Structures are given as structure tokens and as C-alpha cells.
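**Student:** Below you'll find the structure I mean.
The values are calculated or read from the model by the stated rules, or taken from the named source; none is laboratory data. All figures in this text were calculated on a predicted structure; none of them were measured in a lab. We place every Cβ from the backbone using ideal geometry, glycine too, and count neighbours over all the protein chains shown.
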Amino acid sequence: MQDKKELPILSIIQQLKDGRLDPETIDKEMRQQCIEVFLAEGYSISTMAQIFNKCEKTLRRDLEEIRAHNAISPDIELAKKIIGEMLTYARINRDHLMRLARSKDTSVSEKAQAEYYAHRVGMELVDKLQTLGYLPLKPKTIVADFTHTVNVSDDEVLKELKSELADVEKLALEGGGFSPEIEAELNKVKKRLKQAEIEKDITKIQDKAKKENKDE
């Protein structure tokens, strides 16, 4: 007979559920490994106590030991790894949404939704990186710097953003429109673009006025 320690944990759990394995033959280490899986599946302490034929007090002690074993201390290297993993999954999610938006088998409405949520993934990633200190947490300053260093490329960026927004709205109209939530988010984006344009125009007027004053 194969040693229980050599069996995959999921096989042991399935045998426990089926009643083919006596829980009394499982050692503490194996029991705690099973408990972690059961917790992920939403099992309560009382249910696990019945499965292992143990009192709830024993299961609670197991949980405390599991928490202690899984405890971590603040570590910059661990933080970097987790943030790197978060970035990777965000890119994967965004790429998947963009492929969906470009798929021939996707409806116009679904394409518009996918385009919008791909944009949301990027924006929420930026917000999270700002919160964690990896990007500047001063969006107003960034906007000001942007509007006070206007050049041809800035105008092109605004035009590109407006064009992308128009494409999303066009897809939405062809597909029957957006949900109220997405419509509200789009209106916020429109206001931000409009504000950027106004601030850019004000900067141009200020520069022109300064030039005229110097000429006088």
C-alpha cells in the first residue's frame, strides 16, 4: 500500500470525504495541510472537526499553528516580488481584454466593454502603484507640469486620447450603449480631458501675454 505521505494532498482529501480513509491514521502535519485546503474551500471548523473526528478545540489549535507557520515579517524584497507579480497579472489581464476587444467573434457591445475595462485595469494599476510609493502621488502636480510644458507632442497626446474615447463611444452606440456605471466613468474622463485642454489654452494665453509685455 502506498504511503499516505506520498499521496497528493487532494487525493487524501478526496478519500477523507468519501470515507475511504480513516482520519485517525493521518498525522498532525498532514492534517494541517488538509485543513488549509478545506479552509480555501470554505469549510467551517465544526465541519472539519467531524471530518477528522477531532474536537473543535484541536482544530482551533491547528489553525493557530497554521497562522504562525504562514506569518511573515515586513521585508522589502518580498514586497518587490509581490508588486512585480501584481504588475505581471495586471498586464496579462489587460492583454486578455484587448484581445477580446479585437476578436471577430465578439459583439460590438462586448468590444466596447472590453476596451473600457482594459483602460480601468491600467488606471487602477497606476493608482495602486501611487499608493505603494512606486509612482508620484500628486496627480494635480503632474497635470500642472503637463499643461505648463505644452508642445506639439502634448497636443498630439490630447488628440489621441480624444480619438480613443470617441472610438469607445462609437462602439457603445453601435452595441446599444453602456451601463450607467460605465457611462458615469466616461463622463469623468471627458471632464478631465476638457480640463487639460482649458489649462493648456490658459498657459498659451499667459505665455502670449508675457511675450507682449516684454515687447512693450
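**Student:** Of all residues in the stretch 89-135, which are surrounded by fewer than 17 Cβ atoms within 10 Å (Cβ to Cβ) and charged (D, E, K, R)?
**Tutor:** R91, D95, R99, R102, K104, D105, E110, R120, E124, D127, K128
**Student:** Right, something else. So which residues in the stretch 84-100 are under 20 Å from Q113 (Cβ atoms), more than 10 Å from the chain's Cα centre (by Cα) and not charged (D, E, K, R), if there are any at all?
**Tutor:** I92, H96, L97, M98, L100
**Student:** Ok, one more. Suppose we filter N70, N53 for residues that are among the polar types (S, T, N, Q), within 30 Å of L132 (Cβ to Cβ) and either free of Cβ contacts under 8 Å to residues at least 60 places away in the same chain or surrounded by 14 or more Cβ atoms within 10 Å (Cβ to Cβ) (or both); which single one remains? Steps first, please.
**Tutor:** Values: N53 fails: within 30 Å of L132 (Cβ to Cβ).
Answer to the check: N70.
**Student:** Please enumerate the residues belonging to the stretch 65-80 that are among the basic types (K, R) and modelled with pLDDT of 90 or more.
**Tutor:** Answer for the stretch 65-80, where residues must be among the basic types (K, R) and modelled with pLDDT of 90 or more: just R67.
**Student:** If you don't mind, there's one more thing I want to ask. It is to be established whether one or more residues within the stretch 26-33 are within 31 Å of the chain's Cα centre (by Cα) and either at pLDDT below 90 or surrounded by 10 or more Cβ atoms within 10 Å (Cβ to Cβ) (or both).
**Tutor:** Yes; the residues of the stretch 26-33 include at least one that is within 31 Å of the chain's Cα centre (by Cα) and either at pLDDT below 90 or surrounded by 10 or more Cβ atoms within 10 Å (Cβ to Cβ) (or both).
**Student:** Residues that are in a helix (DSSP H, G or I) and at pLDDT 65 or above: does the stretch 130-137 have at least one?
**Tutor:** Restricting attention to the stretch 130-137, the residues satisfying the condition of being in a helix (DSSP H, G or I) are 130-131.
From what's left, at pLDDT 65 or above: 130-131.
Scanning the stretch 130-137 turns up at least one residue that is in a helix (DSSP H, G or I) and at pLDDT 65 or above.
**Student:** Being in contact with a helix residue (DSSP H, G or I) (Cβ under 8 Å, 6 or more places away or on another chain) and of a type in the set (D, E) is the filter here; which residues of the stretch 38-66 pass it?
**Tutor:** E56, D62, E65
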